[in-house]
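Undergrad: Let me begin by handing over the structure; questions about it come next.
Read-outs: derived from the displayed coordinates by stated rules, not from any lab. Only a predicted model underlies this, so the values are computations on that prediction, with no experimental measurement involved. Quick reminder, even Gly has a Cβ in these numbers, built from the backbone with ideal geometry, and neighbours come from all protein chains shown.
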Amino acid sequence: MSTNQVIEELKKHISAFQKTVEVEEVGTVIEVGDGIARMSGLTSCQSQEMLEFPGGIMGVALNLEEETVGAMILGEYEKIKEGDTVKRTGRILSVPVGEKVIGRVVNALGQAIDGKGDIVTKEFYPIEKTAPGVMSRQPVGVPVQTGIKAIDAMIPIGRGQRELIIGDRQTGKTAIAIDAIINQKGQNMKCIYVAIGQKESKVARIVAKLEENGAMEYTTVVVAGASDPAAMSFIAPYAGVTMAEYFADKGEDVLIVYDDLTKQAWAYREISLLLRRPPGREAYPGDVFYLHSRLLERACNLNKEHGGGSITALPIIETQASDVTAYIPTNVISITDGQIFLETDLFFKGIRPAVNVGISVSRVGGAAQTKPMKKVSGKIKLALAQYRELEAFAQFASDLDVETKKQLDRGARVVELMKQPQYSPMHVEDQVASIFAVDNGYFDDVVVTDILKTEEKFLDFVRGSHQSLLEKISKGEWDDSIIADLKGVCEEFKK
Amino acid sequence: MKISNKQFAEALYELTIGLNASDLDIVLKNFVGLLAKKHKIKQTNNIIAEFETILKKKQGIVELEVTSARDLDSEIIKKIKESFGKEVFVQEKIDKNLIGGIRVKIEDKILDASVKTQLTNLKKSLTI
């Protein structure tokens with residue numbers, strides 16, 4: 001477009017511009033501090049409405065009282081003074097959504113913070129939205145492959161499921177979520193990682209890792225850092241799921257990780273106490289259950305009439321000294337469709353990921369497992385359960401009968417097989433092959449500490465000579481001939 | 001139950017309406033007594049402010065705050081007054097940032113007809 005054209009275009013725009021007298025509803029700040037403000041006036045203010053403070057600072061009205069309105073401030077509240085004029089905007093807090101947010105690092109308001117320029121999208125979605133109803137959902141039936149053997153085999157996750165990852169600090173909760181995101185490459189999944197109240201250095205490291213593994217191509221990172229106001233930590237998960245809903249509405253599958261919801265609950269507690277809402281158990285406000293239930297209810301598996309998209313949620317909860325009976329952990333456990341327990345003891349024993357398979361469950365994921373995986377994983381679950389039972393007993397007894405000894409040996413090998421280093425997700429067909437081999441006793445003569453090395457060699461061998469068999473398994477085929485073939489391959493490898 | 005300043009002011013207004021001077025003295029004395037009993041003496045100034053707004057509302061007095069970029073001549077002020085009601089008090093303010101036009105504040109509303117806001121709106125309409 002030439003300069004003249006631009007000028008003509010501008011002229012047209014300017015002459016078409018209608019001047020109007022704007023009517024604004026305003027209020028006056030009567031109290032401000034700690035990220036919240038109390039205002040008089042604003043008579044017809046809505047709940048959750050955005051308010052504009054002087055200097056373009058935004059706030060969200062939370063408490064509508066008889067005489068005053070209480071609001072949380074999204075930004076630098078130090079600049080707001082008593083007596084300042086506050087304007088209503090008539091808008092509910094919204095974030096930009098669309099393809100443009102993919103591959104970016106944004107804050108809780110959807111503004112870019114990765115220095116790659118502003119995000120310009122056509123559409124904005126309000127961050128609070130009612131979850132899809134019963135009639136628009138369908139049962140979970142397609143798996144999410146996390147690439148982690150212990151999870152895919154024994155605690156399977158389906159698309160549209162909400163699976164809690166729970167454990168003490170430093171047990172590898174984030175590692176599981178990040179591995180799951182990395183493994184979504186080429187699986188037609190969009191991923192959203194919401195970092196709530198985390199150290200910026202940790203987020204930077206995660207983003208670097210995702211970039212290194214090529215996962216940023218389909219991932220958005222929403223960050224509310226430890227130094228951001230509590231209001232940002234409070235809204236970040238809603239902002240994340242709103243961005244996910246855009247894709248789900250278009251019929252795409254999305255994986256969203258909330259890391260972690262404990263910190264969101266803390267932020268909400270802080271805001272609630274400052275707004276003088278009555279505290280309840282552990283000083284959390286009465287509606288802290290609703291805080292998480294309305295968020296996680298937005299994870300869904302939509303049926304064909306509604307586009308068939310899905311949002312799989314992996315919320316993370318950090319416990320203190322393995323206390324899962326605290327308020328927030330029990331709440332979130334009851335909301336989600338299962339949980340993955342991570343334990344410090346296992347972590348230091350060298351079992352990483354430190355998943356306690358015995359108490360971890362997935363309430364709906366079983367239906368989503370592929371047939372080969374379902375068949376081979378059933379037996380190792382049993383082997384592991386028997387192993388755990390015998391393990392304690394075997395410490396006292398020196399003489400064990402052959403059968404018990406066999407079960408113990410098999411169990412130890414299964415536990416060893418479930419170990420997996422970070423950032424190395426495995427394909428489902430590889431998982432099936434190696435679990436099949438251990439399960440059928442082909443690794444029984446291998447020293448326990450060499451299991452992983454042998455597994456690697458075995459998989460290299462299978463990939464080299466029997467690629468077609470793996471392809472069949474990855475397509476979900478499983479019948480007697482495949483079993484026979486697999487057995488043949490194992491025997492061939494043993495020679 | 002906590003009693004708000006507004007409720008005190010409303011009570012005072014309803015008690016004092018149409019009283020003669022001697023009765024007024026008694027009512028006021030009792031009212032101050034009540035405030036002391038309810039530990040509201042500190043709130044007196046706020047209650048008086050609330051009382052004034054109630055009084056103005058009941059008597060149909062409108063208070064305006066007119067902000068403009070330059071001094072307005074009395075003719076314009078008169079016109080503004082006429083368009084808002086019978087008894088109108090106008091407080092004038094000068095704000096060079098407006099560039100031109102006026103901005104009228106009435107209770108919790110602002111009627112904005114300033115050049116600055118028009119320009120901001122124009123900018124918005126051009127950027128999208």
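Undergrad: Pulled fully out, how much extra length does the chain show between A:Ser398 and A:Lys487, if you take 0.36 nm times their separation in residues and subtract their Cα-Cα distance?
TA: The A:Ser398-A:Lys487 span can extend by a further 28.6 nm.
Undergrad: Once the cut-off is 15 Å, how many percent of the Cα-Cα pairs in the range B:5-58 end up in the long-distance tail?
TA: Across the range B:5-58, Cα pairs with separations above 15 Å total 45 percent.
Undergrad: Determine the dipole magnitude for chain B: charges of +1 sit on the beta-carbon of Lys and Arg, -1 on that of Asp and Glu, nothing else is charged, the reference point is the Cα centre, and the result goes in debye to the nearest 20.
TA: Approximately 560 debye in magnitude.
Undergrad: Each label point is 7 Å from the Cα along the Cα-to-Cβ direction; what then is the distance between the points at A:Lys250 and B:Phe84, in nm?
TA: Placing both labels 7 Å beyond Cα along the Cβ direction yields 5.1 nm.
Undergrad: For the range A:51-184, compute the orientation-averaged projected area of the C-alpha convex hull (one quarter of its surface), in nm².
TA: Mean projected area of the Cα convex hull: 13.5 nm².
Undergrad: Could I ask something else about it? So which trypsin sites (Lys or Arg not before Pro) in the range A:208-315 end up in coil per DSSP with only 14 or fewer other C-beta atoms within 10 Å?
TA: A:Lys250, A:Arg276
Undergrad: About the Cα centre of chain A, how large is the charge dipole given +1 on each Lys and Arg Cβ and -1 on each Asp and Glu Cβ? Please answer in debye to the nearest 20.
TA: The calculation lands at about 540 debye.
Undergrad: Let me know the Kirkwood hydrodynamic radius for chain A, please, with Cα pairs as the basis and the value in Å to one decimal.
TA: About 25.1 Å for chain A.
Undergrad: Here's another thing I want to ask about it. At 0.36 nm per residue, and after removing the present C-alpha to C-alpha distance, how many nm does the segment from A:Ser201 to A:Thr28 gain when stretched out fully?
TA: 58.4 nm
Undergrad: Also: Can you tell me the mean projection area, over all orientations, of the convex hull of the range B:61-127's alpha carbons? Units nm², please.
TA: 4.9
Undergrad: Please compute the volume of the convex hull spanned by the alpha-carbon atoms of the range A:149-198 and report it per residue in Å³.
TA: Convex hull volume per residue, Cα atoms: 106 Å³.
Undergrad: I've got another one for you. Given a 10 angstrom Cα cut-off, can you work out which residue in B:Lys105, B:Lys79, B:Lys56 is the most mobile in a GNM of chain B?
TA: B:Lys79
Undergrad: Mind jotting down a quarter of the surface of the convex hull over the alpha carbons of chain B, in square nanometres, one decimal?
TA: The number I arrive at for chain B is 12.3 nm².
Undergrad: Please list the helices of chain A that count as membrane-span-like by this rule: a mean Kyte-Doolittle hydropathy of at least -0.5 together with Cα atoms stretching 24 Å or more along the helix axis, each helix being a complete DSSP H run.
TA: Span-like helices here: A:230-249, A:371-394.
Undergrad: With r defined as the distance between the Cβ atoms of A:Phe17 and A:Arg363 and R0 fixed at 51 Å, what FRET efficiency is calculated, to the nearest 0.05?
TA: 0.30
Undergrad: Tell me the trypsin sites (Lys or Arg not before Pro) within the range A:109-142 that lie in a loop according to DSSP and have at most 14 other beta-carbon atoms within 10 Å.
TA: Qualifying residues, ordered by number: A:Lys116, A:Lys122, A:Lys129.
Undergrad: A further question follows. Could you size up the charge dipole of the range A:1-101 around its Cα centre, putting +1 on the beta carbon of Lys and Arg and -1 on that of Asp and Glu, and report it in debye to the nearest 20?
TA: 540
Undergrad: While we're on this one: Working from Cα positions, state the angle (0 to 90°, nearest 10) between the long axis of helix B:74-84 and the longest principal axis of chain B.
TA: With rounding to tens, the tilt is 60 degrees.
Undergrad: Using only the alpha-carbon atoms of the range A:379-418 as identical scatterers, what base-10 log of I(q)/I(0) does the Debye formula give at q = 0.19, 0.23, 0.33 Å⁻¹?
TA: -0.48, -0.68, -1.17
Undergrad: Test of the criteria: in the range A:426-480, which trypsin sites (Lys or Arg not before Pro) are in a DSSP loop and have at most 12 other Cβ atoms within 10 angstrom of their Cβ?
TA: Of the trypsin sites (Lys or Arg not before Pro), the ones in loops of the range A:426-480 whose Cβ has at most 12 other Cβ atoms within 10 Å are A:Lys475.
Undergrad: As I understand it, the dipole of the range B:5-58 uses +1 on the Cβ of Lys and Arg and -1 on the Cβ of Asp and Glu, about the Cα centre. Which of B:Ile54, B:Leu24, B:His39 lies farthest toward its positive end?
TA: B:His39
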